[in-house]
Amino acid sequence: MAFFWTYNGLKFGIKSVKFPKENDFYDGFISSINFDENKCLNSKGLANLSEKNGDLTCIECESVCPTGAISLHDIYSNSSGKGKASRKSGGALDTNRCIFCGLCVDTCSDIASAINYGKDLNLYTPPFPGNDRGKIFKRSLFVKHIDTGSCGACESEINALSNPYYNIHRLGIFITPSPRFADVLLVTGTYTKEMSDIFFNVLENIPRPRYIVLMGSCSLFGGIFKNGLKDGNDGLLFNDKMKKLFKEDNVVALPHCPPNPFEILNVLLLIKKGDFK
Ligand code: SF4
Ligand code: SF4
Ligand code: SF4
C-alpha cells in the first residue's frame with residue numbers, strides 16, 4: 001500500500017492545496033454573501049416609496065431570507081418619510097444568521113444584482129469581546145470536535161480536512177478524540193437537550209487556555225432546525241447561559257451551513273498563529 005501511494009506521489013506530484021500560501025480555491029468556490037448598498041434600490045430611491053414596505057423601495061431579499069439574516073430596516077431608514085431612504089450606520093447583513101442558501105442572491109439578480117457571492121474567508125466573529133486572543137498556543141494545535149445534534153454535513157467538511165487535498169496535518173493541526181489533549185473545541189449541531197450533559201462533560205475536561213469554535217448555523221442560532229425542535233432551539237451564540245459559561249474562554253463564531261473546509265482551516269490557522277484580534 002505504501003508503495004502504491006509513493007508511486008502515485010512520484011508520478012502525479014503533490015495534490016494538496018497550497019492554501020494558506022496561496023488562495024488556490026477550486027472552480028466555483030464561494031464563501032460569502034456580499035451586499036452592495038450602492039446598487040440596492042433602497043439606496044437609489046428609484047421606485048416610489050411604498051407604505052406597505054415601511055418607506056423602503058424594495059424588501060424582496062428580506063422577504064425570502066428564511067433565517068432573518070437580512071433586516072432592511074436595520075440597514076436603511078427614512079425618518080423624514082420623504083425622498084429616498086438613507087443608510088443607517090452599523091446595520092448590515094447578519095453573517096451569523098446566514099445559512100448560505102443563496103435565495104437572496106437569486107431574488108436580487110432579477111432586480112438590481114446588489115447581492116452577490118464572494119470569496120471572503122474572514123466572516124468569523126469573536127462574539128464575546130474582552131478576552132485575550134493573542135498567541136496562546138506555541139506548537140501544534142489539537143482540535144476536539146463535538147456534534148451536539150447536527151445533520152452530518154458539518155462533520156463531512158471537518159472530515160475533509162484530514163484528506164490528502166486539505167491535509168491539515170502538514171500545518172501542525174490534528175483532530176484528537178480526547179478533550180484533555182485539546183486546545184480547541186469545535187462545536188457543531190443545534191445543542192440538543194440530549195447532548196447537553198455530554199457537552200458540559202467535554203467542556204469541563206478541556207484545559208484552559210482554550211478556544212471554542214461555534215461552527216455552522218446550527219451551533220450559532222439553531223440553524224434550519226431552530227423551529228423544528230419540540231422546545232425550539234437558540235443554539236449557543238444567543239444563549240445567555242453559554243455567554244456566562246464562556247466568559248473566560250476565547251469564542252469564535254464560524255457561520256454558514258455548512259462552512260467549507262477552507263473557512264474552517266482559516267479559523268484554525270488564525271488561532272494557531274495567534275492572529276485573532
Ligand atoms: S432585493 Fe436587492 S434591491 Fe431589493 S432590497 Fe434586497 S438588495 Fe436591495
Ligand atoms: S443566503 Fe439565504 S440565509 Fe443568507 S442572507 Fe441570503 S437568503 Fe438569508
Ligand atoms: S449548520 Fe447546516 S450543515 Fe451544519 S449541522 Fe446545521 S444544518 Fe447541518
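What follows is calculated from the coordinates using simple rules that are stated; it is not laboratory data. Note that the coordinates shown come from a computational prediction; the quantities given were computed from them, not determined experimentally. Glycine also receives a Cβ, built like all others from the backbone with ideal geometry; neighbour counts cover every protein chain displayed.
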In this structure, among Lys193/Lys226; Lys193/Lys244; Lys39/Lys226; Lys119/Lys244; Lys138/Lys244; Lys144/Lys247, pairs with alpha-carbon gaps over 24 Å are Lys39/Lys226; Lys119/Lys244; Lys138/Lys244
With an 8 Å Cα cut-off and a minimum separation of 6 or more residues, compute the relative contact order for the chain in percent. 20 percent
Residues whose built amide H sits under 5 Å from the amide H of Tyr76, excluding neighbours closer than 5 in sequence, are Lys88
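Taking 0.36 nm per intervening residue step and subtracting the Cα-Cα distance, what contour gain separates Ala92 from Lys138 on full extension? If you can, show how the numbers build up before the last one.
Working: separation 46, 0.36 × 46 = 16.56 nm, distance 3.61 nm.
13.0 nm is the gain from fully extending Ala92 to Lys138.
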Proxy reagent accessibility, fewest Cβ within 10 Å first, across Tyr117, Tyr191: Tyr117, Tyr191
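Between Ser113 and Lys15, what FRET efficiency comes out of the Förster formula 1/(1 + (r/R0)^6) with R0 = 51 Å and r the beta carbon distance, rounded to 0.05? Don't skip to the end; give the middle numbers.
Working: r = 36 Å, r/R0 = 0.71.
For Lys15 and Ser113, the calculated efficiency is 0.90.
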Over the C-alpha atoms of segment 141-273, what are the Rg and the largest Cα-to-Cα span, Dmax, in Å? 13.9, 43
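Would you mind calculating the gained length between Ser156 and Ser178 on full extension (0.36 nm times residue separation, minus the Cα-Cα distance), in nm to one decimal? Display every interim value, and only then the final one.
On the way: separation 22, 0.36 × 22 = 7.92 nm, distance 1.98 nm.
Fully extending the segment from Ser156 to Ser178 adds 5.9 nm.
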Principal axes first, then extents: for the Cα atoms of the chain, list largest minus smallest coordinate on each axis, whole Å, largest first. 71, 49, 36
So between Asn122 and Ala2, what do we pick up on full extension, going 0.36 nm a residue minus the alpha carbon distance? 39.4 nm
So what J values fall out for segment 26-37 if you push phi through Karplus, 6.51 cos²θ - 1.76 cosθ + 1.60 with θ = phi - 60°, rounded to Hz, Gly and Pro as x? 6, 4, x, 5, 9, 9, 8, 10, 9, 10, 9, 5
Give me the distance in nm between label points sitting 7 Å out from Cα along the Cα-to-Cβ direction at Phe29 and Phe238, one decimal. 3.2 nm
Starting from the amide H of Tyr211, placed 1.01 Å from N in the peptide plane, find each other amide H under 5 Å away whose residue is 5 or more places distant or on another chain. Val184, Leu185
Relative to a virtual label point 7 Å from the Cα of Lys44 in the Cα→beta-carbon direction, which members of segment 102-119 show backbone nitrogen distances below 17 Å? 105-116
If you plug each phi of segment 200-210 into the Karplus form 6.51 cos²θ - 1.76 cosθ + 1.60 with θ = phi - 60°, what whole-Hz ³J(HN,Hα) values come out, in order, with x for Gly and Pro? 5, 4, 5, 4, 4, 8, 8, x, 8, x, 8
